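Before any comments, here is the structure.
The values are calculated or read from the model by the stated rules, or taken from the named source; none is laboratory data. Since the structure is predicted, the reported quantities are computational estimates derived from the model, not experimental observations. Heads up, the Cβs are rebuilt from the backbone with ideal geometry, glycines too, and the neighbour counts pull from every protein chain shown. These area figures cover heavy atoms from the full protein model, side chains too; ligands, DNA and RNA do not enter into them. Shrake-Rupley method; radii C 1.70, N 1.55, O 1.52, S 1.80 Å.
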Amino acid sequence: MRSTGSPRTASPRRGARIGALAAALAGVVALAGCGASASTSTTPSGSGSATFKPAGQKDGAQITVWADSTRLPSVQAYQKSHPDVKMKIVTYDGGADGSTYLQTKVQLFDRTGSGWPDVVFGSPTDVTWASAPTKPGAKPFAAPLDQSLVPQATLAGFAKGSLAPCQFNGHTYCMRNDIAQVVLWYNKTLMDKWGYQVPTTWDQYEALGEKVAKEHPGYLVGSVGDTNSQESYFWSSQCPAFQSTGPNSLRVALKDPKCTRMSTLLDKLIAAKAVSTEGFFSQGFAKSSGSKVLMAYGPSWYGQYLFKAAFNTPAKQMAASAPLTWPGETTPSTGNVGGGVWMVSSHSANLKASTDLVTWLTTSNDNQAAAPTYPAYAPAATAWLANPANRDYFATDVSGPFQQAANEVWTGWSNTKFSDATAWSSVVLPALTAGKTLTATLPAWQSAISDEAKADGYQVTNQ
Amino acid sequence: MTLLETRPVSLPARRRGHTPRRRAGGRAGYFFVAGYTLLLLAFGVFPTCYAFYLAFTNDRGQFTGINQFTKVARDYRFVPAFSHVLVYLALWLVTLVVLTVLVAVVLRGRVRPGVSALFRFLYYIPGALAGVASVLVWLFMLDPDVSPVSWLLSALGMHSFAAVLAPGNLPWIFMLIAFWTGAGGWMVVMYGALNNIPDEVLEAARMDGAGPWRTAWYVQIPMIRQWIAYMTILAFAGGTQLFVEPQLLQTASLGRVSPTWSPNQLAYVYAFQQGDFNGAAAISVFLLVLGLLCAGLLVARSNMFTLDEK
């Protein structure tokens with residue numbers, strides 16, 4: 001996801017440091033671009049929205065593509081293999097870290113009546129507004145792809161539930177590029193050296209964390225300080241923080257035992273200094289503590305983009321294990337930290353070329369086998385896991401844990417019109433930095449989410 | 001200095017009509033202000049009128065009275081945003097007025113002219129940086145990992161960028177940035193204002209036995225009162241519009257700063273995330289009224305538009 005080598009390299013020279021800070025910022029922005037919520041069990045409301053009326057089509061018209069820097073090479077590869085398609089490629093932030101650049105621009109294009117890009121990469125949050133008109137009389141930005149644009153057979157090939165964030169009113173408005181299922185990462189070399197068992201339950205995780213804090217102070221079993229840590233921990237804990245209960249109603253109930261079980265567990269480990277309140281991606285973390293991360297509960301892209309690129313952990317040390325379970329649960333549930341989507345503009349004058357590009361980007365092995373992150377399209381995911389570039393770095397085979405976790409993403413953490421990162425980053429993280437506990441911060445987090453939801457027109461229940 | 005010299009130019013306007021020669025000067029005056037007036041109409045007056053139109057209508061163009069105003073005032077982010085910016089303004093205006101006047105007085109009276117010119121130049125340099133660039137400078141200054149003054153941040157108990165950006169520190173941080181970029185220019189202006197005080201007046205004060213500080217307090221500062229009021233009005237108006245600094249800090253801190261920290265950011269969110277241009281316009285009208293109230297108060301109290309009795 002980082003386009004410019006390793007931004008976190010520690011360097012004594014100020015210039016390099018400045019570059020590193022800038023690149024690190026850009027890198028994290030790109031990474032968390034994946035950082036938005038995913039699956040909603042969107043119930044087709046049966047409102048049978050009017051049939052999609054395309055704009056006037058023009059064969060061979062140039063298409064404008066907006067992609068983030070991570071997916072730019074894929075778009076360029078398509079251009080190279082399809083030289084007859086006229087394309088204009090624009091790089092933008094891709095909706096990273098709750099950025100609303102795309103939404104801002106589309107609002108303006110809807111007012112001026114021109115300028116829309118034909119194909120965009122975005123976050124699942126973007127689909128919530130793109131599938132509806134931005135103002136009375138406007139056409140929703142995203143074209144319904146299931147309406148004679150993409151064959152049903154293709155849509156059926158995506159991983160279970162991975163297209164849920166794309167579905168509104170019974171139509172599919174995007175194609176999922178990648179998913180970011182949360183797994184347990186651990187440093188196998190250190191675990192073996194110290195004779196530790198890899199935990200399979202949260203109880204074992206907590207016990208091991210306290211043991212590590214005593215026996216090897218300074219070593220970490222996780223961090224809660226990133227903009228997307230809540231998706232790793234609270235989503236996995238099935239905490240009803242963003243639970244859609246209807247088309248415009250949301251359940252935000254952080255007093256639920258499924259939230260407090262996670263916050264009390266983390267509070268103990270934070271107090272023991274086994275879990276850091278500084279983000280893995282915060283400036284300086286890689287240098288100061290990157291080599292002291294024994295375990296991390298996080299998305300499938302941590303392997304390449306956190307351990308390999310940011311922490312420079314040597315090859316054949318890191319391994320992944322399946323999601324952890326709570327007492328009394330047989331099948332674990334896990335979180336999801338990102339996974340972008342591709343949308344086609346309903347204003348495009350060349351829907352054929354636009355749809356073809358999006359289909360190629362999300363489903364072709366040519367592109368996805370070497371993609372930066374785990375593909376949402378199941379056959380492509382198999383090809384991705386078979387690619388040595390995606391597996392050679394790890395100490396053990398990650399295919400099993402990855403495939404298992406991909407099917408265990410909890411569907412109760414819904415995709416909302418607002419980013420799930422804002423309240424966490426601007427309310428919870430500053431409180432943790434100031435020394436408050438997570439459990440004590442849950443009420444403030446709940447009211448921040450509820451306020452945001454109400455401002456976006458949701459009916460909120462806190463029960 | 002230049003600002004001072006423009007003042008006499010405005011005087012003939014008042015005496016216009018007394019003699020034909022004056023009127024000719026007046027015509028040239030119109031010509032000179034025409035460019036500014038056109039731009040003011042296009043980018044100042046017209047957008048303001050448009051904002052008023054939007055603030056009193058809804059997205060279908062129907063007149064809605066004060067509904068937009070009550071809607072945004074009831075928003076849960078409205079009160080925090082305005083209180084943030086008021087705390088910031090209190091810090092910024094006090095620091096600005098006290099320190100710029102103090103520095104100008106010292107440079108004018110207690111420092112040799114050559115040294116004084118050098119200092120005025122040095123103070124002015126940061127102002128040459130555009131807003132965004134100056135925020136970037138401060139991002140490095142405030143991050144203990146790269147800051148040249150990380151020892152100072154550590155001494156204050158702040159060991160990480162996240163700790164520096166604690167919510168209570170933000171008004172101070174924005175005050176520092178604003179002072180660093182804005183105060184230098186005002187020091188030069190205040191120095192110029194002090195320069196305009198006739199030497200005879202200062203000499204008279206000296207002969208009456210006033211020391212440098214008494215002269216400053218009883219003679220110099222009262223005589224540049226209008227300039228201080230002018231600076232305060234502009235700084236107040238600029239301060240209420242705080243946007244670039246919190247917006248950039250919000251991005252650079254990966255979201256630790258609220259995206260609606262200041263009223264202007266809230267208006268931005270209204271317009272470009274919620275697609276509610278009418279609500280955004282209502283917030284901008286609130287800001288305008290606030291700025292006008294402050295300006296009106298200061299103009300009345302400082303007799304700014306009363307011309308020197310000649």
Could you give the nm distance between label points at A:N462 and A:K316, where each point is 7 Å from its Cα heading toward the beta carbon?
5.5
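Taking a quarter of the surface of the Cα convex hull of the range A:164-264, what do you get in nm²?
Working: hull surface 35.7 nm².
Mean projected area of the Cα convex hull: 8.9 nm².
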Using only the alpha carbons of the range B:76-302, determine the length spanned along each of the three principal axes and report them from longest to shortest in whole angstroms.
65, 44, 27
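Report, to two decimal places, the Cα Rg of the protein assembly as shown normalised by 2.2 N^0.38 Å (N = number of residues). It would help to have the intermediate numbers written out before the result.
Values: Rg = 30.0 Å, N = 773, 2.2 N^0.38 = 27.5 Å.
Dividing the Cα radius of gyration by 2.2 N^0.38 Å gives 1.09.
Taking all protein chains in place and a 1.4 Å probe, what share, in percent, of the accessible surface of the protein assembly as shown do carbon and sulfur account for?
Working: 20550 of 33800 Å².
Carbon with sulfur: 61 percent of the solvent-accessible area.
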Residue-by-residue Karplus 3J(HN,Hα) for the range B:190-195, coefficients 6.51, -1.76, 1.60, Hz, glycine and proline x
5, 4, x, 4, 5, 4
Among B:V135, B:V189, B:V33, which one shows the highest mean-square fluctuation when chain B is modelled as a Gaussian network with alpha-carbon springs under 10 Å?
B:V33
Equivalent ellipsoid dimensions for chain A as semi-axes, Å, which come from the Cα gyration tensor, largest first:
36, 25, 20
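Once you keep just the Cα pairs under 8 angstrom separated by 6 or more residues, what percentage relative contact order results for chain B?
Working: 296 pairs, mean separation 81.4, N = 310.
It comes to 26 percent, rounded to a whole number.
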Answer with one residue from A:W424, B:L202, A:G113: the one whose Cα lies farthest towards the positive end of the charge dipole of the protein assembly as shown, charges on Cβ with Lys, Arg +1 and Asp, Glu -1.
B:L202
Under 29 Å from the Cα of A:K287, which lysines turn up, not counting those fewer than eight places away in the same chain?
A:K188, A:K193, A:K211, A:K214, A:K268, A:K273, A:K308, A:K316, A:K436
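Please give the net charge around A:P217, taking every other residue with its beta carbon less than 12 angstrom from that of A:P217, where Lys and Arg add +1 and Asp and Glu add -1. Could you put the intermediate results ahead of the total?
Numbers: positive: A:K211, A:K214, A:K273, A:K292; negative: A:E210, A:E215.
Residues close to A:P217 contribute a combined charge of +2.
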In square angstrom to the nearest 100, the accessible surface buried at the B/A interface, both sides summed with a 1.4 Å probe, amounts to 2500
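Averaged across B:155-161, how many Cβ atoms of other chains sit within 10 Å of each residue's Cβ atom?
Taking all residues of B:155-161 together, the mean is 3.
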So how far, in whole Å, is the C-alpha centre of the range A:147-178 from the one of the range A:201-245?
32
So with the 1.4 Å probe, I'd like the accessible area per residue for the protein assembly as shown, rounded to whole Å².
44
Identify, among A:T125, B:F272, A:T373, the residue whose Cα sits farthest towards the positive end of the charge dipole of the protein assembly as shown, taking +1 on the Cβ of Lys and Arg and -1 on the Cβ of Asp and Glu, with the dipole about the Cα centre.
B:F272
Among the residues of the range A:422-448, which ones have their accessible area go down by 10 Å² or more when all the protein chains sit together, as opposed to their chain alone (1.4 Å probe)?
A:T422, A:S425, A:S426, A:L429, A:P430, A:T433
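Within 10 Å, count the other beta carbons around each residue, average over each peptide in A:331-340, A:354-363, B:68-77, and list them highest first.
Values: A:331-340: 25.5, A:354-363: 22.8, B:68-77: 16.9.
Output ranking for A:331-340, A:354-363, B:68-77: A:331-340, A:354-363, B:68-77.
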Over every pair of different alpha-carbon atoms in the range B:71-188, take the mean of 1/r and invert it; report that Kirkwood radius in Å.
16.2
Would you give the gap between the C-alpha center of the range B:119-181 and the C-alpha center of the range A:305-354, rounded to a whole Å?
36
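Taking the Cβ of A:N350 as the centre, find all other residues whose Cβ is under 15 Å away and add up their charges (Lys, Arg: +1; Asp, Glu: -1). Spell out each step's value before the answer.
Values: positive: A:K58, A:K86, A:K88, A:K352; negative: A:D59, A:D84, A:D118, A:D356.
Summing Lys/Arg as +1 and Asp/Glu as -1 gives 0.
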Viscosity 0.890 mPa s, 25 °C: Kirkwood-radius Stokes-Einstein D of the range B:197-310 over Cα pairs, µm²/s
140
Explain nothing, just the number: relative contact order of chain A, from Cα pairs under 8 Å at least 6 residues apart, as a whole percent.
26
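Tally Lys/Arg at +1 and Asp/Glu at -1 over every other residue whose Cβ is under 9 Å from the Cβ of A:P240; what's the total? Numbers along the way, then the final one.
Details: positive: A:R251, A:K258; negative: A:D256.
Neighbour charge sum, excluding A:P240 itself: +1.
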Shielding score for B:268-278, defined as the mean number of other chain Cβ atoms within 10 Å:
5
